[in-house]
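Structure, as structure tokens:
Read-outs: derived from the displayed coordinates by stated rules, not from any lab. On a predicted model such as this, the values are computed, not experimentally measured, just so you know. Note that each Cβ is placed from the backbone with ideal geometry, even for glycine, and that neighbours are counted across all protein chains shown.
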Amino acid sequence: GQQLNQSPQSMFIQEGEDVSMNCTSSSIFNTWLWYKQDPGEGPVLLIALYKAGELTSNGRLTAQFGITRKDSFLNISASIPSDVGIYFCAGGTSGSRLTFGEGTQLTVNP
Amino acid sequence: DTAVSQTPKYLVTQMGNDKSIKCEQNLGHDTMYWYKQDSKKFLKIMFSYNNKELIINETVPNRFSPKSPDKAHLNLHINSLELGDSAVYFCASSQVRLAGGKQYFGPGTRLTVT
């Protein structure tokens, strides 16, 4: 089946720093989604990307759909303590199935 | 206004018992899902229903049986619970006509089998 490689697995940063994480696959996806999961909660959708090369922002978050359709990255600028959580990428093809990455655990030190 | 809700939030039970988790969505979506998140936080799809029809059925033990009475509800029944069933189970929903459509998750049910 399709697999997504998400990196890094974990990040420890200082408040105010910028963060970058990415997902790569050997398969092509039609959709890339980025989710954030807070402790004890379900994943919450942050950004959805639908076109190769698309660059989309949501506040301090920016995500891009790779030109090859096999990768995506998420940047967080000027991190704050509430950015702490697990970030998941997910790739979609036709139909309803999403393939999730293994997550990036982000820790922000005040 | 809760979009995707699950009950219960926590479930502690003994091995061998049978238990159910309920999920409801008020988004008007036509597709619902069950995911299992293990201790390493990996999200694994278990089942998906579209308009009450099973469309995704991953390799899970047949002790797990989903039931969708209508397109707003998808319940998960688990027979003969085992220690390895301990995990967080998430329900999600989407509107499938959007290819690779956005999925919206519930708050999760933490199942602990002792």
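Identify, from the list B:Lys41, B:Lys36, the residue that is closer than 27 Å to A:Gln6 by Cβ and either more than 10 Å from chain A (Cβ to nearest Cβ) or touching a helix residue (DSSP H, G or I) at 6+ places or on another chain (Cβ under 9 Å) (or both).
Working: B:Lys41 fails: either more than 10 Å from chain A (Cβ to nearest Cβ) or touching a helix residue (DSSP H, G or I) at 6+ places or on another chain (Cβ under 9 Å) (or both).
Criteria check complete, one pass: B:Lys36.
When residues of the stretch A:94-110 are filtered for being in contact (Cβ under 8 Å) with a residue 60 or more places away in the chain and either in a loop (DSSP other than H, G, I, E, B) or closer than 17 Å to B:Lys44 by Cα (or both), how many remain? I'd like the intermediate steps shown before the answer.
Looking only at the stretch A:94-110, we keep the residues that are in contact (Cβ under 8 Å) with a residue 60 or more places away in the chain, and these are A:94, A:98-110.
Cutting the leftovers down to either in a loop (DSSP other than H, G, I, E, B) or closer than 17 Å to B:Lys44 by Cα (or both) gives us A:94, A:98-104, A:110.
Number of matching residues: 9.
If I ask for residues that are over 11 Å from B:His29 (Cα atoms) and either outside any strand (DSSP E or B) or free of Cβ contacts under 8 Å to residues at least 12 places away in the same chain (or both), which ones from the stretch B:64-97 would you list?
B:Lys67, B:Asn79, B:Ser80, B:Leu81, B:Glu82, B:Leu83, B:Gly84, B:Asp85, B:Ser86
Which number in (1) touching a Ser or Thr at 6+ places or on another chain (Cβ under 8 Å); (2) away from every other protein chain (no Cβ under 14 Å); (3) not in a strand (DSSP E or B) marks the one condition that B:Leu27 misses?
(2)
Any idea which of A:Thr99, A:Thr56, A:Thr93, A:Thr24 is touching a Ser or Thr at 6+ places or on another chain (Cβ under 9 Å) and more than 14 Å from chain B (Cβ to nearest Cβ)? Steps first, please.
Details: A:Thr99 fails: more than 14 Å from chain B (Cβ to nearest Cβ); A:Thr56 fails: more than 14 Å from chain B (Cβ to nearest Cβ); A:Thr93 fails: more than 14 Å from chain B (Cβ to nearest Cβ).
Testing whether each residue is touching a Ser or Thr at 6+ places or on another chain (Cβ under 9 Å) and more than 14 Å from chain B (Cβ to nearest Cβ) leaves just A:Thr24.
Taking the stated definitions as given, is B:Leu74 closer than 15 Å to B:Pro107 by Cα and among the hydrophobic types (A, V, I, L, M, F, W, C)?
Details: closer than 15 Å to B:Pro107 by Cα: yes; among the hydrophobic types (A, V, I, L, M, F, W, C): yes.
Here the answer is yes, as B:Leu74 does meet what is asked.
Any residue in the stretch B:19-47 that's within 30 Å of A:Gln9 (Cα to Cα): show its pairings with residues that are acidic (Asp, Glu) and surrounded by fewer than 21 Cβ atoms within 10 Å (Cβ to Cβ) at Cβ separation under 8 Å, as long as the two are six or more apart or on different chains.
That search, which allows pairs on different chains as well, returns B:Lys40/A:Glu102; B:Lys41/A:Glu102; B:Phe42/A:Glu102; B:Lys44/B:Asp38; B:Lys44/B:Glu58; B:Ile45/B:Glu58; B:Met46/B:Glu58; B:Phe47/B:Glu58.
Return a yes/no flag: does the stretch B:49-57 have any residue that is under 21 Å from A:Tyr87 (Cβ atoms), hydrophobic (A, V, I, L, M, F, W, C) and within 12 Å of another protein chain (Cβ to nearest Cβ). Outline the logic, then answer.
Going through the stretch B:49-57, the residues under 21 Å from A:Tyr87 (Cβ atoms) turn out to be none.
For the stretch B:49-57, residues under 21 Å from A:Tyr87 (Cβ atoms), hydrophobic (A, V, I, L, M, F, W, C) and within 12 Å of another protein chain (Cβ to nearest Cβ): absent.
Inspect all residues belonging to the stretch B:72-89 and state whether any of them is exposed (fewer than 15 other Cβ atoms within 10 Å of the Cβ), away from chain A (no Cβ under 14 Å), farther than 21 Å from A:Gly101 by Cα and touching a helix residue (DSSP H, G or I) at 6+ places or on another chain (Cβ under 9 Å).
Checking the stretch B:72-89: not a single residue is exposed (fewer than 15 other Cβ atoms within 10 Å of the Cβ), away from chain A (no Cβ under 14 Å), farther than 21 Å from A:Gly101 by Cα and touching a helix residue (DSSP H, G or I) at 6+ places or on another chain (Cβ under 9 Å).
If I ask for residues that are buried (at least 17 other Cβ atoms within 10 Å of the Cβ) and either hydrophobic (A, V, I, L, M, F, W, C) or out of contact with any strand residue (DSSP E or B) (no Cβ under 6 Å at 6 or more places or on another chain) (or both), which ones from the stretch A:1-28 would you list?
Listed by number, the residues that qualify are A:Leu4, A:Met11, A:Val19, A:Met21, A:Cys23.
Applying the selection to the stretch B:98-114, what residues are within 10 Å of chain A (Cβ to nearest Cβ), part of a loop (DSSP other than H, G, I, E, B) and surrounded by fewer than 21 Cβ atoms within 10 Å (Cβ to Cβ)?
Hits for the stretch B:98-114 are B:Leu98, B:Ala99, B:Lys102, B:Pro107.
Scan A:Thr56, A:Thr68, A:Thr31 and give me the residue that is surrounded by 19 or more Cβ atoms within 10 Å (Cβ to Cβ) and either more than 10 Å from the chain's Cα centre (by Cα) or of a type in the set (Asp, Glu) (or both).
Numbers: A:Thr56 fails: surrounded by 19 or more Cβ atoms within 10 Å (Cβ to Cβ); A:Thr68 fails: surrounded by 19 or more Cβ atoms within 10 Å (Cβ to Cβ).
Checking each option against the conditions leaves just A:Thr31.
Quick check, is B:Ser68 under 10 Å from the mean Cα position of the chain (by Cα), on the phi < 0 side of the Ramachandran plot, of a type in the set (Gly, Ala, Ser) and surrounded by 13 or more Cβ atoms within 10 Å (Cβ to Cβ)?
Numbers: under 10 Å from the mean Cα position of the chain (by Cα): no; on the phi < 0 side of the Ramachandran plot: yes; of a type in the set (Gly, Ala, Ser): yes; surrounded by 13 or more Cβ atoms within 10 Å (Cβ to Cβ): yes.
No: the conditions fail for B:Ser68.
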